[in-house]
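Q: Sharing a structure below in structure tokens format, with a few things to ask.
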Amino acid sequence: MIPTELIGSIPRTPELLTAIPNFHDGRIDGAAFAEAQGRAARETIEALAATGSPVVTDGEQAKPSFLTYPVEGLSDLAADGVVIPFADGHTRQLPRLTSGPFRYKMHAEEYLRAAKKRTDSPVKQAVVAPSALSLLYPPDGIAGYPRAQFLDDLANEAETDIRGCLDAGAHVVQLDFEEARLSLKLDPSGGLLEEFIGLNNKVLSRFTEAERARIGVYSGPGADQDSAHSLDVDYAELLPRLFKLTVGNFYLQLASEPDRARVLAAIAEQLRPGIRVFVGVTDPLDPRVETVQEVRDRVLEAARHIPLEQLGTCDDAGFAPYADDTSTSRETAFAKIRARVEGTALAAQELGA
């Protein structure tokens, strides 16, 4: 079989979408909120299993976002951090660190252990890349807490986040590196991207080759409220740098690319032994559900460039990386996942995999 995996997030359940503001406004307590999160995770895992997905996640039901889960609730944050603009005009804003030392308040291992209690299927766990959290440090610095010390603390916390998930039995740990393509928009010289790659590799160097085989990295042009932030950045500028990351798996947005053959040829140039590339065959930003035949054809197209033993499929992005993103329904998300699973299997059958 050609392996197929989702990126991570699924739109939150209606119950959870109601519980989130009720909890923040004090209308329900923490215990009731945790119960709602648990039910949402269980329902999501069961629905993923029903699609035939060989690997599941908890749909990130309990995460406030793929990016801020480690720091949610920290007291040393201000709200006026880096602003991320999307193509449709809406923005997301990161918090700003105000003091040190930097520590995670939440580690992804907790989500993983809860999910594994609810299924016998392999469970994938997404974690935020340390490069993304490096943006929390303000450009004008923090008195008594130099940036170099912050980056050391960040690397230690990121290592703990990844190692905890590996030790807890994650099928794979995926670094969400969504800011990779965006960095080339912010700094076309590539200097910022090289800094990001260096920081991520600094953390990855602390793991053995066998451990890195169970670590992957996801990169895409952003996905939020049916809009992207960097789809206009040429993949050819990103891929040679992205493949410097010392991971065993790459998850790449592809279905929404206007010239997939050109991108696939660029991916083929970067292939090295021992890695697998999961290519996106469904587009969460497109409200139309792809047919099984469309997915099959996209897999067959990819197989003309990537050896079968190094090929996998995925969705272009998570379906709701931010908890309040309701632009895609749960029904549509699961329908797209089912099409990906069935289309990948059909392509594998035709290829004799």
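Q: Answer yes or no: is there a residue in the range 17-25 that is part of a loop (DSSP other than H, G, I, E, B), of a type in the set (A, V, I, L, M) and within 23 Å of Thr119 (Cβ to Cβ).
A: No: zero hits.
Q: Still on this structure, please answer the following. Out of (1) in a helix (DSSP H, G or I); (2) within 30 Å of Pro287 (Cβ to Cβ), the odd one out for Gly198 is which?
A: (2)
Q: Just to verify a result, which residue in the range 62-73, among those that are crowded, with 18+ Cβ neighbours inside 10 Å and assigned to a loop (DSSP other than H, G, I, E, B), is nearest to the chain's Cα centre (by Cα)?
A: Phe66
Q: Which residue out of Phe177, Phe150 is at pLDDT 95 or above and either in contact with an Asp or Glu (Cβ under 7 Å, 6 or more places away or on another chain) or farther than 17 Å from Phe102 by Cβ (or both)? Walk me through how you get there before you give the answer.
A: On the way: Phe150 fails: either in contact with an Asp or Glu (Cβ under 7 Å, 6 or more places away or on another chain) or farther than 17 Å from Phe102 by Cβ (or both).
Result: Phe177 is the single residue among Phe177, Phe150 that is at pLDDT 95 or above and either in contact with an Asp or Glu (Cβ under 7 Å, 6 or more places away or on another chain) or farther than 17 Å from Phe102 by Cβ (or both).
Q: Can you work out which of the residues in the range 136-172 that are within 30 Å of Asp120 (Cβ to Cβ) and touching a residue at least 60 places away in the same chain (Cβ under 8 Å) is surrounded by the fewest Cβ atoms within 10 Å (Cβ to Cβ)? Break it down into steps so the answer makes sense when it comes.
A: Restricting attention to the range 136-172, the residues satisfying the condition of being within 30 Å of Asp120 (Cβ to Cβ) are 158-172.
Cutting the leftovers down to touching a residue at least 60 places away in the same chain (Cβ under 8 Å) gives us 161, 171-172.
On the way: Asp161: 24, His171: 19, Val172: 24.
Filtering first and then ranking leaves His171.
Q: Still on this structure: Could you figure out which of (1) closer than 30 Å to Val233 by Cβ; (2) surrounded by fewer than 22 Cβ atoms within 10 Å (Cβ to Cβ); (3) in contact with an Asp or Glu (Cβ under 6 Å, 6 or more places away or on another chain) isn't true of Thr98?
A: So Thr98 meets the others, but not (1).
Q: Here's a follow-up. Any residue at all in the range 88-95 that is modelled with pLDDT under 95 and either hydrophobic (A, V, I, L, M, F, W, C) or under 29 Å from Arg338 (Cβ atoms) (or both)?
A: yes
Okay, residues lined up against (1) farther than 14 Å from Gly8 by Cα; (2) part of a helix (DSSP H, G or I):
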position: Thr313; (1), (2): no, no
position: Phe319; (1), (2): no, no
position: Asp324; (1), (2): yes, no
position: Ser327; (1), (2): yes, no
position: Phe334; (1), (2): no, yes
position: Ile337; (1), (2): no, yes
position: Val341; (1), (2): yes, yes
position: Thr344; (1), (2): yes, yes
position: Gln349; (1), (2): yes, yes
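Q: From the residues in the range 275-296 that are exposed (fewer than 15 other Cβ atoms within 10 Å of the Cβ) and in contact with a helix residue (DSSP H, G or I) (Cβ under 8 Å, 6 or more places away or on another chain), which one is nearest to Pro64 (Cα to Cα)?
A: Top of the filtered list is Pro287.
The values are calculated or read from the model by the stated rules, or taken from the named source; none is laboratory data. Note that the coordinates shown come from a computational prediction; the quantities given were computed from them, not determined experimentally. Cβ coordinates were reconstructed from backbone atoms using ideal geometry, including for glycine residues, and neighbour counts include every protein chain displayed.
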